[in-house]
1. Evaluate segment 17-35: report whether one residue or more is part of a helix (DSSP H, G or I), over 29 Å from ILE102 (Cβ atoms) and out of contact with any Cys (no Cβ under 8 Å at 6 or more places or on another chain).
2. Quick one: which of MET69, MET92, MET77 is modelled with pLDDT of 90 or more, within 12 Å of the ligand (Cβ to nearest atom) and part of a helix (DSSP H, G or I)?
3. Out of ARG41, ARG18, ARG37, ARG27, report the one residue that is among the basic types (Lys, Arg) and within 16 Å of ALA116 (Cα to Cα).
4. For segment 1-12, name all the residues that are outside any helix (DSSP H, G or I), under 18 Å from the mean Cα position of the chain (by Cα) and away from the ligand (no atom under 14 Å from the Cβ).
5. Suppose we keep only residues that are within 16 Å of the ligand (Cβ to nearest atom) and surrounded by fewer than 19 Cβ atoms within 10 Å (Cβ to Cβ) within segment 95-118. Which one would you say is nearest to THR23 (Cα to Cα)?
6. Filter segment 38-66 down to residues that are among the acidic types (Asp, Glu) and in a loop (DSSP other than H, G, I, E, B) and give me whichever is nearest to the chain's Cα centre (by Cα).
Amino acid sequence: MAINATNDRMSEGFADHRDETRTQVQRLEEVFAALDRPAERREDPVIDALEAERATLKDAIEDDDMLNMAYLTAGMMTERVEMTAYEGLTSMANQLEYSDEIRKPLESNYDEEQSAYRELSAMESAADMKSLWDRLTPS
Ligand SMILES: [Fe+2]
């Protein structure tokens with residue numbers, strides 16, 4: 001998800017997580033290799049829908065602070081979806097008593113998704129969004 005937030009901390013956070021995501025893909029490829037299965041690229045309609053929603057909001061919102069808030073929310077939704085996917089995969093790996101070679105990469109990816117979610121969530125109420133909250137809060 002390419003996001004050009006006007007908030008520098010937010011933009012850097014999205015860029016950092018994009019790099020983490022590349023590492024996550026490598027981990028998943030290692031999981032497939034350990035399972036002796038081909039890793040195949042597939043479309044994901046849920047993630048595609050979230051991206052479509054983000055693009056719609058980008059076109060509809062002119063205010064930079066409001067757009068940053070929309071990006072925060074879109075990012076948090078994406079991280080929650082990803083966390084849920086890894087929870088399910090980890091649960092299956094545990095139920096099937098797969099080795100750490102399978103489980104650890106899934107857990108590492110989950111941890112990074114959770115960390116990304118928490119960082120976005122913290123920005124929601126922190127100084128990053130202060131100008132928006134100041135404008136929206138009656139004085
Ligand atoms: Fe993520």
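1. Within segment 17-35 (the criterion being part of a helix (DSSP H, G or I), over 29 Å from ILE102 (Cβ atoms) and out of contact with any Cys (no Cβ under 8 Å at 6 or more places or on another chain)), the answer is no, since none of the residues qualifies.
2. Answer to the selection: MET77.
3. Matching residue, one of ARG41, ARG18, ARG37, ARG27: ARG18.
4. Residues satisfying the conditions are ASN4, ALA5, ASN7.
5. Here is the first cut: in segment 95-118, the residues within 16 Å of the ligand (Cβ to nearest atom) are 105-118.
Then drop every residue that is not surrounded by fewer than 19 Cβ atoms within 10 Å (Cβ to Cβ), which leaves 107-108, 111, 114-115, 118.
Details: GLU107: 13, SER108: 10, ASP111: 13, GLN114: 15, SER115: 15, ARG118: 19 Å.
Per the stated criteria, the residue is SER108.
6. Step one: filter segment 38-66 for residues among the acidic types (Asp, Glu), giving 40, 43-44, 48, 51, 53, 59, 62-65.
Applying the additional criterion that residues be in a loop (DSSP other than H, G, I, E, B) yields 40, 43-44, 62-63.
Details: GLU40: 21, GLU43: 16, ASP44: 14, GLU62: 24, ASP63: 23 Å.
My answer is ASP44.
Results for (1) within 16 Å of the ligand (Cβ to nearest atom); (2) surrounded by 13 or more Cβ atoms within 10 Å (Cβ to Cβ); (3) aliphatic (A, V, I, L, M), shown as yes or no for each residue.
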{"site": "PHE14", "(1), (2), (3)": "yes, yes, no"}
{"site": "GLU20", "(1), (2), (3)": "yes, yes, no"}
{"site": "LEU50", "(1), (2), (3)": "yes, yes, yes"}
{"site": "ASP59", "(1), (2), (3)": "no, no, no"}
{"site": "GLU82", "(1), (2), (3)": "yes, yes, no"}
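The values are calculated or read from the model by the stated rules, or taken from the named source; none is laboratory data. Source: prediction; values computed, not measured. Reconstructed Cβ throughout: ideal geometry from the backbone, glycine too, with neighbour counts over all protein chains shown.
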